Amino acid sequence: MRARGRPGRPPFAFIAETSVLDIQRLSKTYGSRSGASGDKALRDVSFRVPQGQTLGLIGPSGAGKSTLIRCINRLVEPTSGAIHLGDTDLAALGSRDLRRARRRIGMIFQEYALVERLTVMENVLSGRLGYVPFWRSFTRRFPGRDIENAYRLLDRVGLLDHADKRADALSGGQRQRVGIARALAQEPELLLVDEPTASLDPKTSRQIMRLITEIGAERNLPTIVNIHDVPLAQQFVDRIIGLRSGELVFDGSPDALTEAVLTDIYGAEDWTAMRQDHEEDEAAEQASRLTLAGGAG
Ligand SMILES: Nc1ncnc2c1ncn2[C@@H]1O[C@H](COP(=O)(O)OP(=O)(O)OP(=O)(O)O)[C@@H](O)[C@H]1O
């Protein structure tokens, strides 16, 4: 398979035309059909993500970040509001149209969601399952074009030499790279990324965030990243939205995220604790670098 499909380094064979994501007055109330007495997880949230922009979603636990991401792909049903991806209002789709629309949304998960016993290549090709006829997916016979593209994607995420390895033989960072390649194999128009680095060490986290933001820009995708690590978000994303108790309380550039704004989003106590944790992590990373350098010398 490798000899037939392995490319040189041509440009990507196919990249979907991308669309703007436009969310208007999105609300979600859990637990009550009437919406009157349930838990209000999102309250009238509106924003627009242009093509090629990576947006970091931050906020304290329970602020509604996961709910927002899940409303966009309709894993959670919005209570009200509109979610336009190009001309399509995802919030208004019936189940058949929704299945088709979900192909346009690439998802990247915290725990990678790979099939552990399958190879890297098979995991990437599984991103094509929404496109191939059932009999082909059943026998895992994918068109040559899909296989060639999967090799290109593996090359892009730095895993070309790992195509035939089983997913369970990879490190966390490598698994996340497979998750990224699989999402791209779908030819998405939008990338939704849920805590992509929560299970990774600081250095690998930076590599993964760099890869996601570079790929979003290269492919002109609107990209939303739900991210706990504020300094990591500030380092890599183009724009940040802060949620607090389901409300959008900040929308601006990473530079505009001052201590005062962060205290407003997280509350003084939590933000101070988060900052201390971060400082301790940085000190530990620095110390381990020095130890390694000392050992090498
Ligand atoms: N399935 C559910 N049923 C009822 N309430 C829910 C459900 N999922 C989330 N909630 C509530 O909705 C609110 C927002 O939760 P959500 O998980 O979206 O927050 P989050 O910002 O992603 O938090 P975290 O950072 O801890 O993952 C919380 O009050 C939560 O308890």
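The values are calculated or read from the model by the stated rules, or taken from the named source; none is laboratory data. The model shown is predicted, which means the values in this text are computed figures rather than measured ones. FYI the Cβ positions are ideal-geometry reconstructions off the backbone, even for glycines, and counts take in every protein chain you see.
Of note:
- Region 68-83 residues that are surrounded by fewer than 17 Cβ atoms within 10 Å (Cβ to Cβ), paired with ones that are among the charged types (D, E, K, R) (beta carbon under 7 Å, 6 or more apart): Ser80/Arg25; Ala82/Asp89
Here's the yes/no breakdown for (1) assigned to a strand (DSSP E or B); (2) of a type in the set (A, V, I, L, M, F, W, C); (3) near the ligand (Cβ under 7 Å from one of its atoms); (4) in contact with a Gly (Cβ under 6 Å, 6 or more places away or on another chain):
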| position | (1), (2), (3), (4) |
| --- | --- |
| Lys40 | yes, no, no, yes |
| Asp44 | yes, no, no, no |
| Phe47 | yes, yes, no, no |
| Gln51 | no, no, no, no |
| Leu55 | yes, yes, no, no |
| Ser61 | no, no, yes, no |
| Thr67 | no, no, yes, no |
| Arg70 | no, no, no, no |
| Leu75 | no, yes, no, no |
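- Taken over region 228-263, the criterion of being within 16 Å of the ligand (Cβ to nearest atom) and in a helix (DSSP H, G or I) is satisfied by Val230, Leu232, Ala233, Leu262.
- Among (1) modelled with pLDDT under 95; (2) at negative phi - the single one Leu42 does not satisfy: (1)
- Filter result (at pLDDT 85 or above and more than 20 Å from the chain's Cα centre (by Cα)) within region 122-144: Glu122
- Residue in region 206-220 that is among the hydrophobic types (A, V, I, L, M, F, W, C) and part of a loop (DSSP other than H, G, I, E, B) present: no
- Residues of region 161-191 that turn out to be without any contact (Cβ under 8 Å) to a residue 12 or more places away in the chain and farther than 14 Å from Leu114 by Cα, as a count: 1
- So Thr79, is it under 27 Å from Leu184 (Cβ atoms), modelled with pLDDT of 90 or more, within 16 Å of the ligand (Cβ to nearest atom) and touching a strand residue (DSSP E or B) at 6+ places or on another chain (Cβ under 7 Å): no
- Number of residues in region 251-267 that are within 20 Å of the chain's Cα centre (by Cα) and surrounded by 16 or more Cβ atoms within 10 Å (Cβ to Cβ): the value is 1.
- From the options Ala92, Ala101, residue that is in contact with a strand residue (DSSP E or B) (Cβ under 9 Å, 6 or more places away or on another chain), exposed (fewer than 15 other Cβ atoms within 10 Å of the Cβ), modelled with pLDDT of 90 or more and among the aliphatic types (A, V, I, L, M): Ala92
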